[in-house]
Each structure stands twice: as structure tokens, then as C-alpha cells.
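One structure below.
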Amino acid sequence: MTTRMIEVMVGVFVAIGLAALFMLAMKVSNLSDFNQGSGYQISAKFENIGGLKVKSPVTVSGVRVGRVVGISYDSREFNAVVHMQIEDQYNDFPMDTSASIYTAGLLGEQYIALEPGAETEVLKNGDTIDYTQSALVLENIIGQFMVNMTSE
Amino acid sequence: MGPSGTGKTTLLKLIGGQLRPEKGVIRVDGLDVHRLSRKELYALRKRMGMLFQTGALLTDLSVFENVAFPYREHTKLPENMIRDLVLMKLEAVGLRTARNLMPSELSGGMARRVALARAMALDPMMIMYDEPFTGLDPITLGHIVDLIRRLNDALGLTSILVSHDVEETLSIADFAYVIAEGKVADSGTPKTLAESSNTWVRQFLEGQTDKAEQLSERAKDYLDDLMGEKRA
Amino acid sequence: MLNALQHMGHRALGMFERLGRSALFFLQVLISLPSVFLRPRLLIQEIYSVGTLSLLIIMVSGSFVGMVLGLQGYVTLAKFGAAESLGVVVALSLVRELGPVVTALLFAGRAGSALTAEIGLMKATEQLSGMEMMAVDPMKRVIAPRFLAGAFSMPLLVTTFIAVGVLGGYFVGVGLLGIDSGAYWSQIQSKVDFYDDIYNGLIKGVVFGIVVTWIAVFEGYDTVPTSEGVSRSTTRTVVNSSLAVLALDFVLTGLMFGI
């Protein structure tokens, strides 16, 4: 093995390793849709966000249009404030759009589903969604069910 | 000189600074070897050549590259100069034609000669030889003995030779020390040593085994051992 | 009885002594590292023998591990009707655990043992001693380049292993078992986080690379210079590296994925 050949082989080795890393970054992780650059932010207030997390998806009719980018607590109104970033191309949600927290599938990742309303004015950067539906908390449902049962 | 295991190789390692003495001082060219800083020690070692018993050639390099090693590591000489120097050293030990062989392809004697060429690379002021005569056939032996002497004279070197091969060593030595049990038993020129007052030294130099008086004592112990009891 | 205790105590002290020696050795290697960059040829040669030559075994193993994950994952997930999540199972297992750990174990067996044997043999044939006497520091010329080559090659091998494994899982899941290909990749992309998962997996790779190479190089340098000594050092490299990797994996996983 001449020195030249050896150097070439080492170059190939390093290239393969880096290519693998690149592939992992692109195809095997969420790096490709990590473009937090373009998008506008809106927020919504919920009584209970359940298991919603930052980076949980925001969907309309099942199509992902944005992500949750921040969750905080409003101590004046005693509810949770969720900040969402919606992609710029989806910029015609009416002001009376509602946001609900649903659970995806059995293994329970939670997401926000938006249902467009009917107003002509649209949501812009910094606006707040007024109509929200909190996450379903299992204990409350069971409690309600039991109250219903006993009251019959 | 001395019997196997008396610490002759250790002595060479002490001189080269690879081992530290518990007591005493070793001075090379006026410098106290074990007081030197790492850098100074390495600078001193460049002026010392050492020939190991096995040659200690780097097995992944060819003969040529082995001899070129000191030049490449310690000098910034251009490749064509290095080539000339290497060929000169190899010629001095008579192995110029072997320059592209690998160490595994060399016989013991050839390996030692290549190692000698390498040890001479930076024109040291002294060379240390660790058992250079062991395990060689008579012809190669004669070559090496001759080589060591001629190089020493031609280059004005100081050669320190450690060996238990009495005849060969004394044939080229100017001065010799005989070591036994960690002490110098006697020293002198080959002539004066042959007439040494120390009987053990004379026995060693003449290669005599145990004297007759001791035989019967040892025979008795031997029989006891075998029989497992004292005989009446 | 007392004898046995004494023996154990002796062994324990010996272990501490080795640990101390290896720590000092590690410091010496670190100090010698800058000089490696003065000899890039040497470094490249070592990366070749340690990294490039390990590539084949890593790729083959990676693809098999990925395929097995695909198969086993499918069998289990199908029972819950969650077969579509196969991609996530394969990817996360590989990225977080199997990638770094299995690669490190294979590396220890292949490259680590080779390093130990090579250095040990150089010690046994007095080549290291000879170098010292030629005023060449064996630490700088022999040990440090090999150490750097190992630490550098490991992360690259880890990424290759993971990538090939994910593809192997794809081959089994989508190619053989009929899962939807889009589902495979999109599930992966939504569930595998670059920073939490891949980045951490890489860090594990770097740490394991350093530890395995350190052990391999130390055992070589510390060999008893006989043929039996070399054989024992080589065995110790593989055993100690493997144990260290597994133990460190637990610690790192705890730190990264939060206990």
C-alpha cells in the first residue's frame, strides 16, 4: 500500500463517517424541519394543557401547520398560555378559529388541532385565539361518569 | 565481561539513562547522566549509539528506512543527502545490497549489522554493544568482531562492549572489567587479566568448570537428593 | 483462609497500582498529543490501520443489528397494532444505545486488541527501548498517534454503524415486512431529536473511543515483554474495554436521559 493509497482510503473512511452523520441529521432526526426562521406566532390560553409539550405539532384537518414553541403560566388569569409558531404559508385563519388539545393514537402524544371559524379578519403575528378546549383529563371524565351514574 | 545475569545489560541501561541507580554517579563526557533534564538527556543520547542484543530494528520499516530513521527524526536533511548517508553506513557494515529487505527477512547477524549501521548514523562519540557475539555462526562472528574493532579505530569512537564471550572480546579489547555478583572482580588489559591474582577471574577467562576437589562433595549431595535420605 | 485474604488484598493493591499507572500514562499521552500534528503522515497511517480497516466489520455488523431490530421490533409491535412505529424503535435503539455501545465493543475487539498486540510486541522486541536510545520519544512517535487515531475514528464508526443499521431496519421493515416506507421515515423524523438523541449518541462515541483506545494503548505499553505477556495484555484490553464501555454507558445514559 503506497502512502498515496493509504491517504485516499483514510479520506474515504472519513467521508463515509461524515456522510453517515449527515444522513442521520437529515433523515433520522427532526433537524430538517427545524427551520424556526419563517413563521408567525400566535397564542392560546387553556385551562389544562394535559401532556402537551414544546415542539408538539399544531394541525388543521390533520395536516401539520406549525409547532408549539413555548408554554407558560398566566398568574393573573390562572390558566396556561401556549405559544405556537405557524408556517407563513398558512396565513388565513379567521379570528374566531378554535384550538383544542387532542391525543394522537393509543400511545398518547398530544397535539393542538385548529378549527377555522367564519370571520373575515385573519390571525396575525401576536394574536390570541379566544376559543379553546382544554385537554381531557382522565380522572375528571371518570369522576363525571360516576356522578352521572349515581344521580340516575 | 561476566557470567550471564550479573547485570551487564543493566549497566548499559544505566549509562544510557534508561534506569536510575540507587547509589552512585554515572558521568558521560563530563555530564552526570541522571541529573540531566529530559531534553539534555535526549541530546546526550543522540551522541551515543546502542546496539541491542536482538538489533531492535523497527519491524515495520525496511533496512534502508531503519538506518534513515535517525536522520529523518533528528535532522532536516534533504532526501537525497539522507540516501547517500544511509548507503555509506550500510556499505561500512557490508550490507548495501540488503537495503530493501525487511527486518524479518534478515538473519541474526545481518540484523545486528544493520543495527550497527543505524547506531552509527549520527556519528556518535561512543557505541555500546550488548552481547553482540551471542548466537552467531563462526564466520559472521569473525566479521562482527573485526567490524567493531575497525569502526572503533577508523572513527575514533569509544566502544563499550558487554559480553560473556571471552575469547572474542579479549581479542579486540583495549581494557576490560570482569564483573561478578554485582562487583568488579578485576580489571586490566587482556594481558594483565590473564595473570590476575583472583582465581575465579582466571577460571572464568580460561573457561574452566568446577575443580576436581569440589567434585566429591557435590557427588555426595546429589546421591542424597536422589535417594531421599542420608547414606550411612 | 488467611492466605486467600492476603492473596486477594495483594490483587486489589495491584489493581489500584495499575489504575494509578494508567492515569499517569494518560496524562503523558495528552501532553504528547500536540507533537502528533507535526507528523501528519504518521497519524494518517494510524487512522488507516485503526479506522479504515475496521469499517468493514462495523458496516456488516451494523446492517445485521439493524435488520434484527427490524425483525424483532416488528414482531413485538405488531401485537399492539403499532407496527408503523418500527422506524422509531429501530432508530432510537441504535442512536441512543446500540450504535455507540456495539461499535465500541467491536472496536475494542478488532482495533483495540491489534493496538495492544502491536505495541506489546514492540516492547518485547526492544524496539521501544531502541527508540529511546536513539533519542526518539516512543510516547510521541508510537503511542500518541495511535491514541489520537483511535479517538478520532470511533465517532465516525459510530455514525456509520447507526446509519447502516437504520437502513437495515428499513430493508427488513419496509422491504420484507411491508410497512409503509413513508411511515418509517416520517415517524423517525418526528420522534428522534438531533440534540437529545444523535448528539448524545455521538458524545458517547467520543467518550468510548477515548476510553477504549486509552486502555488498548496502555496495556500494550505496560506489557510484560514475553509472548505470554503480550497474549495476556491483549486479552485484558478486550475484557477491560468491554467492561468499561458497558459501565460508562450506564453512567452516560443516566446523565443524558435523566434519572
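The values are calculated or read from the model by the stated rules, or taken from the named source; none is laboratory data. Note that the structure is a prediction, hence the values are computed from the model and not measured. Every residue, glycine among them, receives a Cβ derived from its backbone with ideal geometry; neighbour counts consider all protein chains shown.
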Next item on the list: Tell me, yes or no, whether region A:34-54 has at least one residue that is in contact with a helix residue (DSSP H, G or I) (Cβ under 9 Å, 6 or more places away or on another chain), modelled with pLDDT under 80 and under 20 Å from C:Lys191 (Cβ atoms).
Entry: yes
Item checked: Search result, residues across region C:173-195 that are away from chain A (no Cβ under 12 Å) and surrounded by 19 or more Cβ atoms within 10 Å (Cβ to Cβ) -> C:Gly173, C:Val174, C:Ile179
Check: Would it be correct to say that C:Ala91 is buried (at least 24 other Cβ atoms within 10 Å of the Cβ), hydrophobic (A, V, I, L, M, F, W, C) and within 23 Å of C:Met256 (Cα to Cα)?
Finding: yes
Notebook entry, point to check: When region B:88-106 is examined, which residues are found to be more than 14 Å from B:Leu151 (Cα to Cα), free of Cβ contacts under 8 Å to residues at least 24 places away in the same chain and loosely packed, with under 15 Cβ neighbours inside 10 Å?
Noted result: B:Thr97, B:Glu105
Check: From B:Leu147, B:Leu151, which residue is at pLDDT below 90, touching a strand residue (DSSP E or B) at 6+ places or on another chain (Cβ under 9 Å) and buried (at least 16 other Cβ atoms within 10 Å of the Cβ)?
Finding: B:Leu151
Next item on the list: Give the residues of region B:27-44 that are surrounded by fewer than 17 Cβ atoms within 10 Å (Cβ to Cβ) and at the interface with another protein chain (Cβ under 9 Å from one of its Cβ atoms), sorted by residue number.
Entry: B:Arg38, B:Ala43
Item checked: Hits in region C:110-137 - residues which are free of Cβ contacts under 8 Å to residues at least 40 places away in the same chain, assigned to a helix (DSSP H, G or I) and either within 7 Å of another protein chain (Cβ to nearest Cβ) or touching a Gly at 6+ places or on another chain (Cβ under 7 Å) (or both) -> C:Gln127, C:Ser129, C:Gly130, C:Glu132, C:Met133
Note to self: When the residues of region C:26-44 are narrowed to those that are closer than 15 Å to A:Glu7 by Cβ and modelled with pLDDT under 90, which ends up nearest to the chain's Cα centre (by Cα)?
What the structure shows: C:Leu42
Next item on the list: Among the numbered conditions (1) within 30 Å of B:Ser171 (Cβ to Cβ); (2) not in a helix (DSSP H, G or I), tell me where B:Thr97 comes up short.
Entry: (2)
Check: So which residues in region B:61-82 are surrounded by 14 or more Cβ atoms within 10 Å (Cβ to Cβ) and either aliphatic (A, V, I, L, M) or within 9 Å of chain C (Cβ to nearest Cβ) (or both)?
Finding: B:Leu61, B:Val63, B:Val67, B:Ala68, B:Phe69, B:Pro70, B:Glu73, B:His74, B:Leu77, B:Ile82
Next item on the list: Any chance you could count how many residues in region A:56-86 are touching a Lys or Arg at 6+ places or on another chain (Cβ under 9 Å) and either surrounded by 12 or more Cβ atoms within 10 Å (Cβ to Cβ) or among the β-branched types (Val, Ile, Thr) (or both)?
Entry: 14
Check: Mind checking which residues of region C:57-92 are closer than 16 Å to C:Gly178 by Cβ and of a type in the set (Phe, Trp, Tyr)?
Finding: C:Tyr74
Notebook entry, point to check: Filter region C:1-51 for residues that are in a helix (DSSP H, G or I) and among the aromatic types (Phe, Trp, Tyr); which is surrounded by the fewest Cβ atoms within 10 Å (Cβ to Cβ)?
Noted result: C:Phe16
Notebook entry, point to check: Going by the conditions given, is C:Ser54 assigned to a helix (DSSP H, G or I) and within 14 Å of chain B (Cβ to nearest Cβ)?
Noted result: no
Checklist line | C:Lys204 vs. criteria among the basic types (Lys, Arg), within 26 Å of C:Val90 (Cβ to Cβ) and crowded, with 24+ Cβ neighbours inside 10 Å | finding: yes
